[in-house]
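The values are calculated or read from the model by the stated rules, or taken from the named source; none is laboratory data. What you see is a predicted model, and the numbers here were worked out from it, not measured in a lab. Cβ placement follows ideal geometry from the backbone for every residue including glycine, while neighbour counts extend to all protein chains displayed.
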Amino acid sequence: MWYWILWVILAAWTFFDAKKRSNNVIGWPIGTLLIGPIVLPVYFAKRYLKVNEVREGGTAWNVLKNFALYWTLTMLVVGVAGAIGAGGVISDAANDAEQAGAVIGAGIGLTMIFIMWLVVVIVALILGFFLKKSSIVEKGPTGKLAESQPITA
């Protein structure tokens, strides 16, 4: 349930950002709300650039880089929620044995969250480095933002 709060916040941010950039104001936020881990990194890799913004490395690199950042944020939220939940279990324990078990369980759980985060980030970044094309450099404005800019000679 709590992860939906993160997705709703990110979908709202995507709506306002897409509106400022003249991107698809309906599609990107709905996609972020429904399948945020997939759509949001793609949005960052494809959104129109404003004046003086630069995006390097190509679409594949940017999608994987942004996925790694999104995954890090998600796992941070999961870790904090897990630690808060474990704290409640530890404080509700009836005796020392239950408290010790809860502490051990919390430690194992947080370690597993860390390992899941680390493995996914390493795989995404290694794959991204192989797909990165340093020759691709996009300079803003792009897309509809470029169309709205006055042409200067």
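Which residues, taken from the range 1-38, are in contact with a Pro (Cβ under 9 Å, 6 or more places away or on another chain) and β-branched (Val, Ile, Thr)?
Thr14
Out of the range 68-82, which residues are modelled with pLDDT under 90 and within 17 Å of Ile108 (Cβ to Cβ)? Spell out the reasoning first.
From the range 68-82, those modelled with pLDDT under 90 are 70, 73-74, 77-78, 81-82; that's our starting set.
Matches in the range 68-82: Val78, Ala81, Gly82.
Go over the candidates Val137, Val89 one by one and state the one that is surrounded by 11 or more Cβ atoms within 10 Å (Cβ to Cβ) and within 29 Å of Val25 (Cβ to Cβ).
Val137
Checking the structure you have, find out if any residue of the range 99-119 is aromatic (Phe, Trp, Tyr), in a helix (DSSP H, G or I) and touching a helix residue (DSSP H, G or I) at 6+ places or on another chain (Cβ under 6 Å).
yes
Kindly provide the set of residues from the range 9-37 that are touching a helix residue (DSSP H, G or I) at 6+ places or on another chain (Cβ under 8 Å) and under 13 Å from Thr74 (Cα atoms), ordered by number.
Answer for the range 9-37, where residues must be touching a helix residue (DSSP H, G or I) at 6+ places or on another chain (Cβ under 8 Å) and under 13 Å from Thr74 (Cα atoms): Leu10, Gly36, Pro37.
Give the number of residues within the range 34-62 that are over 21 Å from Pro141 (Cβ atoms) and among the β-branched types (Val, Ile, Thr).
3
Would you please list the contacts, defined by Cβ atoms under 8 Å and residues six or more apart or on different chains, that run from a residue in the range 108-123 that is over 14 Å from Thr74 (Cα atoms) to a residue that is in a helix (DSSP H, G or I)?
Listed pairs, sorted by first residue: Gly109/Gly82; Gly109/Ala86.
Taking the range 39-63 on its own, how many of its residues are in contact with a strand residue (DSSP E or B) (Cβ under 7 Å, 6 or more places away or on another chain) and surrounded by fewer than 19 Cβ atoms within 10 Å (Cβ to Cβ)?
Number of matching residues: 4.
Hey, among the residues in the range 13-45 that are polar (S, T, N, Q) and part of a helix (DSSP H, G or I), which one's nearest to Ala68 (Cα to Cα)? Step through it out loud before you land on a result.
Restricting attention to the range 13-45, the residues satisfying the condition of being polar (S, T, N, Q) are 14, 22-24, 32.
Going one step further and asking which of them are part of a helix (DSSP H, G or I), we end up with 14, 32.
Details: Thr14: 18, Thr32: 16 Å.
Only one residue fits best here, namely Thr32.
Sort through Ile90, Ile26, Ile84, Ile5 and tell me the only one that's over 12 Å from the mean Cα position of the chain (by Cα) and closer than 23 Å to Ala146 by Cα.
Working: Ile90 fails: closer than 23 Å to Ala146 by Cα; Ile84 fails: closer than 23 Å to Ala146 by Cα; Ile5 fails: closer than 23 Å to Ala146 by Cα.
So the residue among Ile90, Ile26, Ile84, Ile5 that is over 12 Å from the mean Cα position of the chain (by Cα) and closer than 23 Å to Ala146 by Cα is Ile26.
Here is a list of conditions, (1) farther than 17 Å from Val120 by Cβ; (2) surrounded by 13 or more Cβ atoms within 10 Å (Cβ to Cβ); (3) not charged (D, E, K, R), and Asn66 meets all of them except one; can you say which number that is?
(1)
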